[in-house]
Amino acid sequence: MSKTALFGAPKNELCPRCGAELVIRSGKHGAFLGCSHYPQCDYIRPLKPQADGHIVKVLEGQQCPLCHAALALRQGRYGMFIACSEYPQCGHTETIDRPDETSICCPQCQQGKLVQRRSRYGKTFHACDRYPDCQFAVNFTPKEGQCTCCHFPLLIEKKNSRGARLFCASKTCGKPVDSGKTSESKE
């Protein structure tokens, strides 16, 4: 079936504005339902009726702390999450995996702790838990220690084919740091 035939296929639903059939159309953001009398009628709607996350499973015995409705496991735009079954009317949401909190103090603000986060593209990084007040973030695993060159109070671990090495976490320095493992192996 060709692309034009697929997107010209009727959906057997009627347009609420003019009563004509709705057809599947393609746009720059993907497929959608549109009125067959376009451009006279410009009614459109998404193919998925619940773009805010559909319910995968209702969690029995767990209640929303805000409205006391049942909690549900939902599939959303960025993956699975737990939310109130009345979502989006009730705004209570929870993440499934809690961020891993390290005991490492933030080198920028000296008040927060570094926590593991995940970007919208699925990459992990470590950032200060005081965000947005402190916007410190590193893309590699942070390690306690101090740079021998610039005395920055944080190191990062980078892994490559030769193994893991420690580097200064400062963006202005970034020099490799001798971890002391070479002196132990020579003894």
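Each value in this text was obtained by applying a stated rule to the coordinates, not by laboratory testing. Just so it is clear, the model here is predicted, and its values are computed rather than measured. A quick note on method: Cβ atoms are made from the backbone with ideal geometry, for glycine too, and the neighbour counts reach across all protein chains shown.
Starting with the fewest neighbours, write out LYS143, LYS57, LYS158 ranked by other beta-carbon atoms found within 10 Å of each beta-carbon.
Values: LYS143 17, LYS57 9, LYS158 13.
Result, fewest neighbours first: LYS57, LYS158, LYS143.
If neighbour count is taken as other Cβ atoms inside 10 Å, put ARG17, ARG25, ARG120 in order from fewest to most. Kindly include the intermediate steps, with their values, before the conclusion.
Working: ARG17 12, ARG25 16, ARG120 8.
Least crowded to most crowded, the residues run ARG120, ARG17, ARG25.
Cross-link list LYS57/LYS159; LYS28/LYS171; LYS57/LYS123; LYS57/LYS143: which exceed 29 angstrom alpha carbon to alpha carbon? Mind dumping the intermediate values first?
Values: LYS57/LYS159 39 Å; LYS28/LYS171 38 Å; LYS57/LYS123 27 Å; LYS57/LYS143 39 Å.
Cα-Cα > 29 Å for LYS57/LYS159; LYS28/LYS171; LYS57/LYS143; rest within.
Among THR172, THR148, what is the fewest-to-most ranking by other Cβ atoms within 10 Å?
Numbers: THR172 7, THR148 12.
Lowest to highest Cβ neighbour count: THR172, THR148.
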